[in-house]
Amino acid sequence: MAARTITLGLLLFLLAASQAQEIMEGEEQQSNVTGTMAVGDTILMMNSGSPEFLIEGDVLISHKRSAMKCFREPYSCLWPMSDNGKVEIPFTISNKYAGDEVAAILKALEGFHSETCIRFIPRKTQRMYLQFKSLMGCFSAVGRVGERQVISLMSAGCVNNAVIQHELMHALGFYHEHTRSDRDQHIQINWENISPDYRHNFRKRDTNNLGLPYDYRSLTHYGRRAFSTVWKDTITPIPDASVRIGSGNGLSGLDIQKINKLYKCRSPRF
């Protein structure tokens, strides 16, 4: 009897371990990074109930503007460079955030300082500035769009380094990497796995690619199953389908190069 009890217990243990392994493997395939969720998946999950009209999942912008191109006076959607050679962008942070959330936002801002000429500075009386608020979801406009410009980072979901820097890339003037004009040479869009209601999120844009290569590791690249309605891949890298996408936790090397070229950062020391 004791032997049968031990055997049954062992079988139950092995069954539970097998099921746990299957769950872990499924989660790893979803996120592209063991133990973490891809930045795009996090953003889409957080924005699922947002009342805002968002294109590409997290972009709050006029349909008349294409990525990194301005149709008004040249570069009117970029933040201006100051006389000191730095692009100084004033910001405020809502007092609704907890102390650790404020620290996370400040750390994400500082991540741009050592590698680019972008400088996020506390707002004094400047008319044009970024305002970090905890609204419903994670989203930003693309480029400089006016006076007070909200970046929404909902507490308990959006306030992590990858998401914060992703939204800041939008605010600096970048759309998602997988919608750039030459994307069909680098990824395959699996339209059959996308509901007709979501296909507009994969529309190619007339982007200025700045003479830089396509960046699978960009913080602005969504993961394989973005907007999937059948839990199958919507984005497949080509020619190597195994290339990781949407897996970064910080700015990629090419993200940094893109910022520096777009804003004509002059000094490598910044």
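The values are calculated or read from the model by the stated rules, or taken from the named source; none is laboratory data. Note that the structure is a prediction, hence the values are computed from the model and not measured. Cβ coordinates were reconstructed from backbone atoms using ideal geometry, including for glycine residues, and neighbour counts include every protein chain displayed. Side chains are part of the model used for accessible areas, which takes the heavy atoms of the whole protein and leaves out ligands, DNA and RNA. Shrake-Rupley method; radii C 1.70, N 1.55, O 1.52, S 1.80 Å.
Worth pointing out:
- Answer residue from the stretch 188-201, given it is more than 27 Å from Leu254 (Cα to Cα) and touching a strand residue (DSSP E or B) at 6+ places or on another chain (Cβ under 8 Å) and is least open to solvent (accessible area, probe 1.4 Å) among those: Ile194
- Residue in the stretch 174-187 that is open to solvent by less than 10 Å² (accessible area, probe 1.4 Å), in contact with a Pro (Cβ under 8 Å, 6 or more places away or on another chain) and modelled with pLDDT of 95 or more present: yes
- Listed by first and then second residue, the pairs with beta-carbon distance under 6 Å, at least 6 apart or on different chains, first residue in the stretch 105-130 and in contact (Cβ under 8 Å) with a residue 60 or more places away in the chain and within 24 Å of Glu147 (Cβ to Cβ), second part of a helix (DSSP H, G or I) and open to solvent by 50 Å² or more (accessible area, probe 1.4 Å), form an empty list.
- Residues being out of contact with any Pro (no Cβ under 8 Å at 6 or more places or on another chain) and either in a loop (DSSP other than H, G, I, E, B) or among the basic types (Lys, Arg) (or both) - total across the stretch 133-152: 12
- Taking the criterion of being open to solvent by 30 Å² or more (accessible area, probe 1.4 Å) and without any contact (Cβ under 8 Å) to a residue 40 or more places away in the chain, the residues of the stretch 229-265 that qualify are Thr229, Val230, Trp231, Pro239, Asp240, Ala241, Ser242, Val243, Gly253.
Residue-by-condition table, conditions (1) out of contact with any Lys or Arg (no Cβ under 8 Å at 6 or more places or on another chain); (2) touching a residue at least 60 places away in the same chain (Cβ under 8 Å); (3) exposed (fewer than 15 other Cβ atoms within 10 Å of the Cβ); (4) of a type in the set (Asp, Glu):
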| residue | (1), (2), (3), (4) |
| --- | --- |
| Ser140 | yes, yes, no, no |
| Gly146 | yes, no, yes, no |
| Ser155 | no, no, yes, no |
| Arg203 | yes, no, yes, no |
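- The number of residues in the stretch 188-197 that are modelled with pLDDT of 95 or more and in a loop (DSSP other than H, G, I, E, B) comes to 1.
- Unique match (being open to solvent by 10 Å² or more (accessible area, probe 1.4 Å), out of contact with any Gly (no Cβ under 7 Å at 6 or more places or on another chain) and under 22 Å from Cys117 (Cα atoms)) among Leu212, Leu135, Leu168: Leu212
- Whichever residue in the stretch 85-106 is among the aliphatic types (A, V, I, L, M) and farther than 19 Å from Leu219 by Cβ and, among such residues, is surrounded by the most Cβ atoms within 10 Å (Cβ to Cβ): Ile93
- Subset tally (residues that are exposed (fewer than 15 other Cβ atoms within 10 Å of the Cβ) and not in a loop (DSSP other than H, G, I, E, B)) for the stretch 107-132: 5
Let's see how each residue does on (1) under 15 Å from Phe174 (Cβ atoms); (2) in a helix (DSSP H, G or I); (3) at pLDDT 95 or above; (4) in contact with a Leu (Cβ under 6 Å, 6 or more places away or on another chain):
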position: Arg199; (1), (2), (3), (4): no, yes, no, no
position: Thr207; (1), (2), (3), (4): yes, no, no, no
position: Asp215; (1), (2), (3), (4): yes, no, yes, yes
position: Tyr222; (1), (2), (3), (4): yes, no, no, no
position: Arg225; (1), (2), (3), (4): no, no, no, no
position: Thr236; (1), (2), (3), (4): no, no, yes, no
position: Pro239; (1), (2), (3), (4): no, no, yes, no
position: Asn249; (1), (2), (3), (4): no, no, no, no
position: Ile256; (1), (2), (3), (4): yes, yes, yes, no
